[in-house]
Amino acid sequence: MIPINKILEIRNLHVTFSTYGGEVKAVRGVDLDLHEGETLAIVGESGCGKSVTANSIMRLIPTPAGKISNGTIRFKGMDLAKATDKQMRNIRGVDISMIFQDPMTALNPTLTIGTQLTEGVRQHQNLSKKEAEQRAVEMMNLVGIPNPHERLKQYPHQFSGGMRQRIVIAIALIGEPDLLIADEPTTALDVTIQAQILELFETIQKETNVAIILITHDLGVVAKVADRINVMYAGKIIEAGTREEIFYQPKHPYTKGLLQSIPRLDQKGEKLLPIDGTPPDLFSPPVGCPFTARCPHAMVVCEKVYPLRHQPTDSHYADCWLYDERAHTTNLNPKKEEMT
Amino acid sequence: MTNQPLLEVKNLKKHFDIGRGQTVKAVDGITFDVYRGETFGVVGESGCGKSTAGRTLLTLYDKTDGEVRYDGEDVHAIPEKDRERFFRKMQMIFQDPYASLNPRSTVKEIIAEPMEIHGLFNNKQDRLNRVYELLEEVGLNRDHANRYPHEFSGGQRQRIGIARALALDPEFIICDEPISALDVSVQAQIVNLLERLQREKGLTYLFIAHDLSMVRHISDRIAVMYLGHIIELTDSERLYEKPLHPYTQALLSAVPIPDPKVEEERSRIILEGELPSPIDPPSGCVFRTRCPFARDVCAQEKPKWLEAEEGRYVACHLYDPKHFEMSPEELRREVQNN
């Protein structure tokens, strides 16, 4: 990959939530880098901490229950983990924007689309009403909403699900952010509409060079749009690499398991290979590798000590003991290794 | 597969009255047969009527028109008080494992309830043993019997729902999106469980889903629904290798494949626009408003249910030589060139 400007650098991020049942350690030491104009996918199953990581960047962790207990989030020379509310207000919607899963609830039903689109730019960029509306029309064109002048006067209920998600994207982009965080942006949509929205992401990135963090559980979507992938499990990034590395040379048994457990539309049905068991409880996360209990190759050390990082290339790493040179008795299936 | 279908559905309609003289035509005339021992998949996007169809088959909704025959018997004609014996043969697994289990009942009570209603295993100990047996069959264990649903993960709850559906030893199970609320690694566990139970018990499934990859994996034959209609019906291999209906083609091409190289080389048919309202569906072919091949005839006439190849049915004028002199392939090339 060509070295380009790094715009976001997260180091050792920890996020916890206090509950009646105790403290949930939702994110447990995440490191993450993002460069200009690239799409980074964070994949993982529910409860793995992918949304909490994204919400931390926007400082949307609900307080006082949740808090960033450790770590730094460097963005444009500022540590967002320590930014004041006022500083964050100037960042949200201007430098960083976020879109959410459910386009039905992301919009205010009592305001017109035009008001919601222009609210941000009028506040932050001091545009006149007319200038702001002009910007709004441009954005509506960019996201592919026909008759923008008339539709600006309409309310969210007059739009379909796919159209609402386009509007949400337009609102996110109108402030010309450097970073767009999309949390499961197509999960609530039908596949034919999802295809439209994914095309739209590609167009937008070409035209605006915005960096995108895409949070999803759908590996098909990832294969289509991501440049790099971080795989999260139980609050940690257990494997990271380029799209090709993750899909064709996965190292972590969890990543391999995920890839094997999904059926493919273009292949005839063989038996699916599920990952047995369920993720660990994050009230008292395991000290060692969190995947140990479900891992077909687990060794004694895995339960006791968190793995050292195995780094086959500059862009690829996996936290797994199997690749440690002292682990010479691994029972990694050699045939599977050759295949990958 | 024997020749006598277990379930015969003929021109089934379910319309909902929504007041002001308007009706939602959720299911508007569907016809298909399900044979003993097969898995029949029903796919389509939200609002296409697939869940309504499933519920109407099971008489959870009264039909508006048409006929559903189970083992030769018209199920909607069975008086309500006699439907119990029908429910012993036909059960349902629901989408949401959080909403479909009573939070105030223990797992034991949930699984034993159908037996209680149907007066099976009347001895308390027998019934408990049957609950244990069912728990083990679905990959749980007897220690789970006294717990409440909230103590279980989504995948485990779905197993409880499956155990409840199996309690009466049914022949036919309607699975309405049984895995779409689950995480990917757990989805495979549940699908493998359903497949194993089918082999062991000779079950017949009607599998309703929007995840086309999973439906391909599990189904023998598949019906594709759009706006209350079945627009294509065939065995799953042929459907995925060469879809006939323009909607099926677009739908399949829209599903992303978890393989970057394949993704880069694929061409996508991006459908314009969105699903029309089922209150006021388009005249003629319901898909014509989004169809790249639509012609005048598509607005004027409802497409016939044609057998395009042996065992392959499609509702599309493209395959009706009366309307199109060009073959569908030639037409496709022409549309692509323009």
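The values are calculated or read from the model by the stated rules, or taken from the named source; none is laboratory data. Only a predicted model underlies this, so the values are computations on that prediction, with no experimental measurement involved. In this analysis, Cβ positions are derived from the backbone assuming ideal geometry, glycine residues included, and neighbour counts consider all displayed protein chains.
Whether a residue is closer than 25 Å to B:MET90 by Cβ and hydrophobic (A, V, I, L, M, F, W, C) was assessed, and B:ILE269 does not pass this test. Tallying residues that are in contact with a Cys (Cβ under 7 Å, 6 or more places away or on another chain) and either at positive phi or at the interface with chain B (Cβ under 9 Å from one of its Cβ atoms) (or both) within region A:292-308 yields 0. There is no residue in region B:187-202 that is in a loop (DSSP other than H, G, I, E, B), over 22 Å from B:ALA112 (Cβ atoms) and modelled with pLDDT under 90.
In this structure, B:ALA167 does satisfy being among the hydrophobic types (A, V, I, L, M, F, W, C), crowded, with 22+ Cβ neighbours inside 10 Å and over 19 Å from the mean Cα position of the chain (by Cα).
Any idea how many residues of region B:149-177 are on the phi < 0 side of the Ramachandran plot and away from chain A (no Cβ under 14 Å)? Spell out the reasoning first.
Let us first name the residues in region B:149-177 that are on the phi < 0 side of the Ramachandran plot, namely B:149-168, B:170-176.
Now narrow it down to the ones that are away from chain A (no Cβ under 14 Å): B:149, B:160-168, B:170-176.
Of the residues in that region, 17 qualify.
For region B:21-42, the criterion of being more than 15 Å from the chain's Cα centre (by Cα), closer than 23 Å to A:THR192 by Cβ, buried (at least 18 other Cβ atoms within 10 Å of the Cβ) and of a type in the set (A, V, I, L, M) is met by at least one residue.
The single condition among (1) closer than 20 Å to B:ALA167 by Cα; (2) surrounded by fewer than 20 Cβ atoms within 10 Å (Cβ to Cβ); (3) away from every other protein chain (no Cβ under 14 Å) that B:TYR98 does not satisfy is (3). Taking into account only those residues within region A:1-48 that are among the small types (Gly, Ala, Ser) and within 14 Å of chain B (Cβ to nearest Cβ), which is surrounded by the fewest Cβ atoms within 10 Å (Cβ to Cβ)? Among them, the one singled out is A:GLY21. Of all residues in region B:272-296, those being in contact with a Leu (Cβ under 8 Å, 6 or more places away or on another chain) and either under 20 Å from B:GLU330 (Cα atoms) or outside any loop (DSSP other than H, G, I, E, B) (or both) number 2.
Scanning region A:170-187 for residues that are touching a helix residue (DSSP H, G or I) at 6+ places or on another chain (Cβ under 7 Å) and within 27 Å of B:TYR247 (Cα to Cα), we see that the one that is farthest from the other protein chains (Cβ to nearest Cβ) is A:PRO185.
In this structure, A:THR278 qualifies as of a type in the set (S, T, N, Q) and assigned to a loop (DSSP other than H, G, I, E, B). Within region A:51-85, being in contact with a His (Cβ under 8 Å, 6 or more places away or on another chain) and of a type in the set (A, V, I, L, M) holds for one residue alone: A:ILE68. Counting only residues that are part of a strand (DSSP E or B), under 19 Å from B:VAL24 (Cα atoms), within 14 Å of another protein chain (Cβ to nearest Cβ) and aliphatic (A, V, I, L, M), region B:214-238 holds 2 of them.
Of all residues in region A:90-131, those satisfying the criterion of being surrounded by 14 or more Cβ atoms within 10 Å (Cβ to Cβ) and either at positive phi or among the charged types (D, E, K, R) (or both) are A:ARG92, A:GLY93, A:ASP95, A:ASP102, A:GLU119, A:ARG122, A:GLU131. With respect to the conditions (1) crowded, with 18+ Cβ neighbours inside 10 Å; (2) within 14 Å of chain B (Cβ to nearest Cβ); (3) modelled with pLDDT of 95 or more, A:CYS289 lacks only one, and its number is (2). Tell me, please, whether a residue that is surrounded by fewer than 21 Cβ atoms within 10 Å (Cβ to Cβ), basic (Lys, Arg) and within 14 Å of chain A (Cβ to nearest Cβ) can be found in region B:190-213. Yes, region B:190-213 has at least one match.
Among the residues making up region B:239-251, those that are more than 7 Å from chain A (Cβ to nearest Cβ), without any contact (Cβ under 8 Å) to a residue 60 or more places away in the chain and not charged (D, E, K, R) are B:LEU239, B:PRO243, B:TYR247, B:THR248, B:GLN249.
Taken across region B:260-271, residues that are more than 9 Å from every other protein chain (Cβ to nearest Cβ) and either in a helix (DSSP H, G or I) or among the acidic types (Asp, Glu) (or both) do occur, with at least one present. Of the candidates A:MET98, A:MET140, the single residue that is more than 14 Å from chain B (Cβ to nearest Cβ), hydrophobic (A, V, I, L, M, F, W, C) and assigned to a strand (DSSP E or B) is A:MET98.
Out of A:GLN116, A:GLN165, one residue alone is polar (S, T, N, Q), within 25 Å of the chain's Cα centre (by Cα) and within 14 Å of another protein chain (Cβ to nearest Cβ). It is A:GLN165. Could you list, in sequence order, all residues of region B:251-274 that are buried (at least 20 other Cβ atoms within 10 Å of the Cβ) and closer than 21 Å to A:ILE145 by Cβ? Those that are buried (at least 20 other Cβ atoms within 10 Å of the Cβ) and closer than 21 Å to A:ILE145 by Cβ: B:ALA254, B:LEU271. Where strands (runs of 3 or more DSSP E) sit wholly within region B:17-116, those with at least 1 residues that are under 30 Å from B:ASP280 (Cβ atoms) and not small (Gly, Ala, Ser) occupy B:23-35, B:39-43, B:65-70. As a summary of the residue check, A:LEU272 satisfies the conditions (1) at the interface with chain B (Cβ under 8 Å from one of its Cβ atoms); (2) hydrophobic (A, V, I, L, M, F, W, C); (3) more than 27 Å from B:ALA254 (Cβ to Cβ) except for the one numbered (3). Does B:PRO292 satisfy the condition of being within 14 Å of chain A (Cβ to nearest Cβ) and in contact (Cβ under 8 Å) with a residue 40 or more places away in the chain? Considered against the rule, which asks whether it is within 14 Å of chain A (Cβ to nearest Cβ) and in contact (Cβ under 8 Å) with a residue 40 or more places away in the chain, B:PRO292 comes out as yes.
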